[in-house]
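First up is the structure itself, then whatever we jot down about it.
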Amino acid sequence: MEIEMLGKIKNAMKNAVKGDFYKNRFSGIDIDEIKSTEDFEKLPFTDKEDLRQAYPLGLQAVPDEKVVRIHSSSGTTGTPVIIPYTQKDVDDWAIMFKRCYETAELTNLDRIHITPGYGLWTAGIGFQAGGELLGAMTIPMGPGNTDKQIRMMIDMKSSVLCATSSYALLLAEEIAKRGCGDKIHLKKGIIGSERWGEKMRQRIACELGVKLYDIYGLTEIYGPGIGMSCKYECGMHVWTDYLYFEIIDPKTGKVLPEGEIGELVITTLCKEGAPLIRYRTHDLTRFIAGKCECGLDYPRIDTLIGRSDDMVKVKGTIIYPSRVEEILKAIDGVSSEYQIMIDHLHGKDILTLFFETPLEMGAEFAKLEKAVEREFKNKIGITANAKAVGMGELPRSEKKSTRVFDNRY
Ligand code: ZN
């Protein structure tokens, strides 16, 4: 880390401890004694659960009169997280969002059709504020009402669609169904970053006839708009003048060397309302080395690979279910049901990949197993023992996430 960045981080920490949350968290830590990257990397992480415990306004680090807005992340899994914003926070977010649009080469002549929701959620209003700052025509649709969406898209000559991947696909299919594709003026799609397969991407791009861009962000850190892919589609540029990014091993918490896949951890450098230091996103990605062809100086992270909660490490290689799913999907005769079993035998990790197939047992099984093993080795880099079983033979679980059984510990 450069000295300048360390200075910015220490400033951010000094602002953060003005609020109760970090005053407690960093009690006993002398910020002026942080003199190196190593010192910084010893600081505790902040996790979503910590933010929940600060509900409702425990994160607030400024006096009440400075707070102009709150946002909240969804509370479907428990107590919601409330993030207070100052005017500067709102302005900074719009500046970053405008930069996202510029990275996708939008101009003030674009007409931005915004389908993410408005309200406590950070999505819609972020797309809106960035578009207005750019000087483009924003069309604040929000989600739902497909008829109206398509009508406005045609009549307003929307040139950019902002949506989640699933909603973009739904609109694409509805447009195809109605045969009104020739009346649509869309040129670009800006898709909120989540893990979405290449197949889905191609379908949306093809059906709508648009070039797709990924936008990254999370409510805890402003919202969408803190990272954006450019036309070269090689990861997402991230705005390091506002944020400091680390990639850590989610198991040990150690910072990983550049290029290795791990969990993204973010520190806000300028945020006033609710500064966050070493916030664990649980998103898996990696830094992409080198300079991008587009000429932007901002570093890049890879398209999201999955969630750290889902991954396992075998023989030093990180394996995430999403990748295994993709590999199996591409092989004919293999169903989407699979299970990964990891054992430790005779001093070695053994990975067994069970998958279901509709084919008859016999020679076909052996052939399929070889094909799966070959693809696994090619794509993931380690050896797996593939075992084909008949349809319905793998136990079904209520929780779909139990794909991986780690018997090593
Ligand atoms: Zn670029």
* Filtering region 298-312 down to residues that are crowded, with 17+ Cβ neighbours inside 10 Å and not in a loop (DSSP other than H, G, I, E, B), which residue is farthest from the ligand (Cβ to nearest atom)? -> Val312
* Asked: Name the pairs: first residue in region 298-316 and within 16 Å of Gly217 (Cα to Cα), second residue among the small types (Gly, Ala, Ser) and at pLDDT 80 or above, Cβ to Cβ under 6 Å, at least 6 apart or on different chains?
  -> Arg300/Gly235; Ile301/Gly235; Asp302/Gly235
* To do: Go through (1) more than 26 Å from Met200 (Cα to Cα); (2) open to solvent by less than 20 Å² (accessible area, probe 1.4 Å); (3) outside any strand (DSSP E or B) one by one and return the number of the condition Leu368 breaks.
  => (1)
* Structure fact -> Checked region 281-297 for anything away from the ligand (no atom under 11 Å from the Cβ), part of a strand (DSSP E or B) and open to solvent by 40 Å² or more (accessible area, probe 1.4 Å); matches are Phe287
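Here's the yes/no breakdown for (1) outside any strand (DSSP E or B); (2) open to solvent by 10 Å² or more (accessible area, probe 1.4 Å); (3) within 23 Å of Ser322 (Cβ to Cβ):
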position	(1), (2), (3)
Cys206	yes, yes, yes
Gly225	no, no, no
Lys231	yes, yes, no
Cys234	yes, yes, yes
Thr240	yes, yes, no
Tyr244	no, yes, no
Ala274	yes, no, no
* To do: Give the residues of region 26-47 that are surrounded by fewer than 18 Cβ atoms within 10 Å (Cβ to Cβ) and not in a loop (DSSP other than H, G, I, E, B), sorted by residue number.
  => Ile31, Asp32, Glu33, Thr37, Glu38, Asp39, Glu41
* **Matching residues in region 48-70 - criterion: being assigned to a helix (DSSP H, G or I), in contact (Cβ under 8 Å) with a residue 40 or more places away in the chain and either closer than 19 Å to Asp92 by Cβ or open to solvent by 80 Å² or more (accessible area, probe 1.4 Å) (or both)** => Lys66
* Condition check for Ile190: open to solvent by less than 30 Å² (accessible area, probe 1.4 Å) and more than 16 Å from the ligand (Cβ to nearest atom) -> no
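The values are calculated or read from the model by the stated rules, or taken from the named source; none is laboratory data. Being a predicted model, the structure only gives us computed values, none of them experimental. Note that each Cβ is placed from the backbone with ideal geometry, even for glycine, and that neighbours are counted across all protein chains shown. Areas reflect the complete protein model, heavy atoms only, side chains present, ligands, DNA and RNA absent. Shrake-Rupley method; radii C 1.70, N 1.55, O 1.52, S 1.80 Å.
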